[in-house]
Amino acid sequence: MPTSDDQQLIAQIRSGDWRAFEALYDKYKGQVYRTALAVTRDRTASEDILQDCFLRFHAHVNHLDGSIPLSPWLYRVTVNLSYNWLTRRRRASFSLEQLVDGLVAGPQASPEHYAESREIETIVQSVLAKLSFEHRAVVVLYYLNDLSVEEIALILGCPVGTVKSRLYYARKALRNALRLLQGEAISATGAAYEFT
């Protein structure tokens, strides 16, 4: 269900109120920019995608269904624009420091933990760069934007089962890479890393 605040802002935008547009932009610009940045790993491209997303919103505001949440529509446009950018630039990598922080449990108090976290981040980036755009988009929306499987399915316009399958595949690839790292660590030091 959309927030009554969003509904009111959209109604005001439809009547030509630019302050309402600015208020909606201020409310959602962070999530749009972060999503684009996580996928593209390019600040300039992410700024362009942010602008394009809201230009499209303004162009389609009269055709949007005011009874459904705006956030999934914005995510869908952001993901599509990011995909178009990646296709044009033929880039397939992005930084996932936040994802690594979420995957690696425990306090970050020691230099050893920091070095281990950076090593894991490098592996995660490498694995995710090899995933298809569809798999990476699901990972970004699920882990970085904390969206549910159902919300991601709505955003990407695919069945819930497809989202679950893509998450499963991405997690499996990450687990295999982390197991390989753990095997190397056991060989080198005789001790195993603990991953959750």
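The values are calculated or read from the model by the stated rules, or taken from the named source; none is laboratory data. Just so it is clear, the model here is predicted, and its values are computed rather than measured. Cβ sites come from the backbone with ideal geometry, for glycine too, and all protein chains shown count toward neighbours.
For Ala173, the conditions (1) closer than 27 Å to Arg89 by Cβ; (2) free of Cβ contacts under 8 Å to residues at least 40 places away in the same chain; (3) in a helix (DSSP H, G or I) all hold with the exception of (2). Put simply, of Trp18, Trp73, Trp85 the only residue that is under 15 Å from Asn145 (Cβ atoms) and modelled with pLDDT of 80 or more is Trp73.
Could you check how many residues of segment 5-50 are more than 15 Å from Ser71 (Cα to Cα) and surrounded by 18 or more Cβ atoms within 10 Å (Cβ to Cβ)? Result for segment 5-50: 10. Please enumerate the residues belonging to segment 130-170 that are hydrophobic (A, V, I, L, M, F, W, C), part of a helix (DSSP H, G or I) and within 11 Å of the chain's Cα centre (by Cα). Answer for segment 130-170, where residues must be hydrophobic (A, V, I, L, M, F, W, C), part of a helix (DSSP H, G or I) and within 11 Å of the chain's Cα centre (by Cα): Ala137, Val138, Val139, Val140, Leu141, Leu144, Ile152.
The single residue among Arg56, Arg91, Arg118 that is part of a helix (DSSP H, G or I), among the charged types (D, E, K, R) and at pLDDT below 75 turns out to be Arg118.
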